[in-house]
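The values are calculated or read from the model by the stated rules, or taken from the named source; none is laboratory data. Quick caveat, the model's predicted, so the values are computed rather than measured. Please note: Cβ atoms are built from the backbone with ideal geometry, for glycine as well, and neighbour counts cover all protein chains shown.
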Amino acid sequence: MSEPTRLTSAALIETVIDAGTFVSWDEPIDLSGVPEDYRAALERAALRSGTDEAVVTGRGAIRGHEVALLVGEFQFLGGSIGRATAERIVAAVRRATTERLPLVAATSSGGTRMQEGTPAFVRMVDISRAVVDHKRAGLPYLVHLRHPTTGGVFASWGSLGHMTIAEPGALIGFLGPIVYETIHGEPFPAGVQVAENLVEKGIVDAVVPTDRLADIAARALALLSGHDVTATGGQSIPSASPRADPAAAAAVDVWDSITLTRRSDRPGVRELLRHAADDVIPLNGTGHGEADKGVMLALTSFGGHACVLVGQDRRYQARQSMGPAALREARRGMHMAQELGLPLVTVIDTPGADLSPRAEEGALAGEIARSLGDMTALTVPSVSVLLGEGTGGGALALLPARRVIAAEHAWLSPLPPEGASAIVHHDLEHAPDMARAQRVGATQMLEDGIIHEIVPEPVPAHEDPEGFARAMAAEITRQIAAQRESQGS
C-alpha cells in the first residue's frame, strides 16, 4: 500500500471548510524563556511548516454547519504536543464548549514533544479533560485520524470521538514503529497500525478519503446535533402508521408468526433503513478493539428525527450468533444517545445470543445485565422495535425502552419454543403448544402490557419489504415525536 498523501493543515482546512468561513483562534506563541537551541528549532519548524505551532485552531463552517477546529500540522516537529500546543488546544476546546460549537479534530502527530519531556506529556490529561467536559455538555466531537497519528495523541484526545474516521492507509497506533524497532531490533508487524485494520478490529468507524470528508462530516454533524434531517436517500413515509385491528391480530396463530419471522427473506434492520430512513451513517465496533456484525450501530433519522439506532442484524446472525461484543457495541450507542440527548431506537430481531464457552468467557450475561441497566437509566426518548424473532436474553437486552412497538408477527420468548418444549416435555414436538402457552406473540404482549403498539402486516413482510419498512418507520416516528413533545423538546 502506498503512503497516503500528507496534507498540510492549511490544505486540509481549504479542502474541508467552507470558503471564507475559517477564523483563527490562535494567539501568538510566547518564546521568552525558551532555551536558545530549542527556540532555534521552533523557529525552523515554523519556517518549514508555515505555522507557529503543531496545531491550528479556530472556527469555520462545514457545508453550513458551524464548528470549532483542531488541526494538527505534522511538518511542525512531527506534530508533537508541547506545553504551548496543549494550552492552545485546551483553550480552543473550552471556547468551543462555551460557544456551544461541535468540535472537529484532525490529528496528525507523533505524540508528546520529546524536547519538553514530562511537563508536556502530562498535558494530555488537560486536553482529555477539556474534551470530556465538551462531550458532557452534550456537544458532538468528531475525530479525523490522519497519517500518522501515534503516541499520546492517539491515547488521549484522538480516541475520544463520538465518531472516528481515518485517512486511507494512515499509520495509526500507540507505539511508534521506529521506537519498537529500535528497542526490539526488528520491525513492528506490518498491517497492524493501518487505518483499515483498525476498522476491521472495531476501533475506528470508517476510512474516508479526504475528498469526501466535508460531505460525511456535514451529515454526521446534522445527525449528532439532533437537527431535523430532510430525506436524502430514504423513501417518504406515512405521517402515521395504521392501527392494528385487535380482532384480526388475535386471530393470528403465534406459531404461524414464528414460522414467518424465521424466513430467510424476511426484511430486517437493513431493509428498514434502506427503505425508510432519511439518512444513515453506520458506525463500527465498540471503539475498544471489538466488532460483532450481529449488531448494527448507526446514526440515522426517521421522519426528520435524528437518532441513534442499535439494530440486531438477522443476516449476520444466521452465520454467527450474537456475542458479548455486540452488546458492548449496543451500549456504545446507548451512551452516545444519552450524552448527546438524541433519541435511541433499538431493533430486536435475533434467534438468540451466542451460547458458547467463548461467549461465557466474554461476559455475555454481564453485558445483558449492563444493557438492561443502561437502557432503564436513559432519560432521552427511546423506542424498542420488535421486528421479528425475539429470543432470550439477547432480545431482552434491547427491550426496556420508554415505548415498545412490535410488528404483527413479531414475538419474544425466554428460549426458542423448541427449547421450552425440550425442558417441559423432553421433546421438540410441543414447540407450537409452548409458544401459545407462553404468550410470546405480539397480541398477547399487548394484552399483558409488555408492548405498547402493534404495527399490522396486511401481507407478510417478505411480500412487501418496502411497505413493511415504511409502516414500521411511521410508528417509530410517531413514538419519538410524542416523547419529544412530552419532554418539551
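Any residue at all in the range 370-380 that's modelled with pLDDT under 95, assigned to a loop (DSSP other than H, G, I, E, B) and in contact with a strand residue (DSSP E or B) (Cβ under 9 Å, 6 or more places away or on another chain)? Within the range 370-380, not a single residue is modelled with pLDDT under 95, assigned to a loop (DSSP other than H, G, I, E, B) and in contact with a strand residue (DSSP E or B) (Cβ under 9 Å, 6 or more places away or on another chain). When the criteria are applied in full, R436 fails the requirement of being under 23 Å from the mean Cα position of the chain (by Cα) and either assigned to a helix (DSSP H, G or I) or modelled with pLDDT under 95 (or both).
Residues checked against (1) surrounded by fewer than 12 Cβ atoms within 10 Å (Cβ to Cβ); (2) touching a Pro at 6+ places or on another chain (Cβ under 9 Å); (3) closer than 23 Å to R113 by Cα:
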| site | (1), (2), (3) |
| --- | --- |
| A10 | no, no, yes |
| T21 | no, no, no |
| D30 | yes, no, yes |
| E36 | yes, no, yes |
| R39 | no, no, yes |
| A45 | no, no, yes |
| A54 | no, no, yes |
| G60 | no, no, no |
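Consider A363 carefully, then state whether it is of a type in the set (G, A, S) and closer than 17 Å to W255 by Cα. Answer is no for this residue.
Residues considered: V310, V295, V345. Of these, the only one that is β-branched (V, I, T), touching a Phe, Trp or Tyr at 6+ places or on another chain (Cβ under 8 Å) and under 25 Å from I165 (Cβ atoms) is V345.
Would you check if G394 is buried (at least 24 other Cβ atoms within 10 Å of the Cβ) and part of a helix (DSSP H, G or I)? Can you show your working first?
Working: buried (at least 24 other Cβ atoms within 10 Å of the Cβ): yes; part of a helix (DSSP H, G or I): yes.
The answer is yes for G394.
Within the range 375-422, the set of residues being of a type in the set (S, T, N, Q) and in contact with a His (Cβ under 7 Å, 6 or more places away or on another chain) comprises just one member, S421.
Quick check: is even one residue across the range 412-421 under 30 Å from A220 (Cβ atoms), crowded, with 24+ Cβ neighbours inside 10 Å and at pLDDT 95 or above? No; the residues of the range 412-421 include none that is under 30 Å from A220 (Cβ atoms), crowded, with 24+ Cβ neighbours inside 10 Å and at pLDDT 95 or above. What about L399, is it within 25 Å of E329 (Cα to Cα) and assigned to a loop (DSSP other than H, G, I, E, B)? Taking the combined requirement at face value, the residue satisfies it. Residues in the range 450-470 that are in a loop (DSSP other than H, G, I, E, B) and either under 31 Å from the mean Cα position of the chain (by Cα) or among the hydroxyl-bearing types (S, T, Y) (or both): I450, I451, H452, P456, E457, D464.
Remark: R331 matches the filter, which requires a residue to be outside any loop (DSSP other than H, G, I, E, B), of a type in the set (D, E, K, R) and out of contact with any strand residue (DSSP E or B) (no Cβ under 6 Å at 6 or more places or on another chain). Scanning the range 248-262 for residues that are over 16 Å from I348 (Cα atoms) and at pLDDT 95 or above yields a count of 4.
Screening the candidates G60, G151, G79, G111 for the property of being at negative phi and in contact with a Ser or Thr (Cβ under 9 Å, 6 or more places away or on another chain) yields one hit, G60. Where helices (runs of 4 or more DSSP H) fall entirely within the range 32-147, those with at least 2 residues that are at pLDDT 95 or above, among the β-branched types (V, I, T) and in contact with a helix residue (DSSP H, G or I) (Cβ under 8 Å, 6 or more places away or on another chain) are at 83-98, 123-136. Taking the criterion of being within 13 Å of V252 (Cα to Cα) and surrounded by fewer than 20 Cβ atoms within 10 Å (Cβ to Cβ), the residues of the range 433-459 that qualify are R436, R439, Q444, P456, P458, V459. From the list R95, R113, R83, the lone residue that is crowded, with 20+ Cβ neighbours inside 10 Å, more than 18 Å from A218 (Cα to Cα) and touching a residue at least 12 places away in the same chain (Cβ under 8 Å) is R113. Output yes when any residue across the range 21-40 is more than 28 Å from the chain's Cα centre (by Cα), aliphatic (A, V, I, L, M), within 29 Å of S225 (Cα to Cα) and assigned by TED's automatic domain parsing to the domain that holds R94, and no when none is. Yes: one or more hits. So which residues in the range 316-328 are part of a helix (DSSP H, G or I) and either under 18 Å from L221 (Cα atoms) or touching a Leu at 6+ places or on another chain (Cβ under 9 Å) (or both)? If the condition is that a residue be part of a helix (DSSP H, G or I) and either under 18 Å from L221 (Cα atoms) or touching a Leu at 6+ places or on another chain (Cβ under 9 Å) (or both), then P324, L327 are the ones that fit. I'd like to check something: does the range 471-479 contain any residue that is surrounded by 19 or more Cβ atoms within 10 Å (Cβ to Cβ) and more than 33 Å from the chain's Cα centre (by Cα)? The answer is no; no qualifying residue exists. Report yes if I348 is crowded, with 24+ Cβ neighbours inside 10 Å and either modelled with pLDDT of 95 or more or not assigned by TED's automatic domain parsing to the domain that holds A474 (or both), otherwise no. So I348 fits the description; yes. For the criterion of being in the same structural domain as Q479 (by TED's automatic domain parsing), within 30 Å of Q483 (Cα to Cα) and loosely packed, with under 15 Cβ neighbours inside 10 Å, D464 fails. Quick one: is M472 under 15 Å from D253 (Cα atoms) and assigned by TED's automatic domain parsing to the domain that holds D278? It is false that M472 is under 15 Å from D253 (Cα atoms) and assigned by TED's automatic domain parsing to the domain that holds D278.
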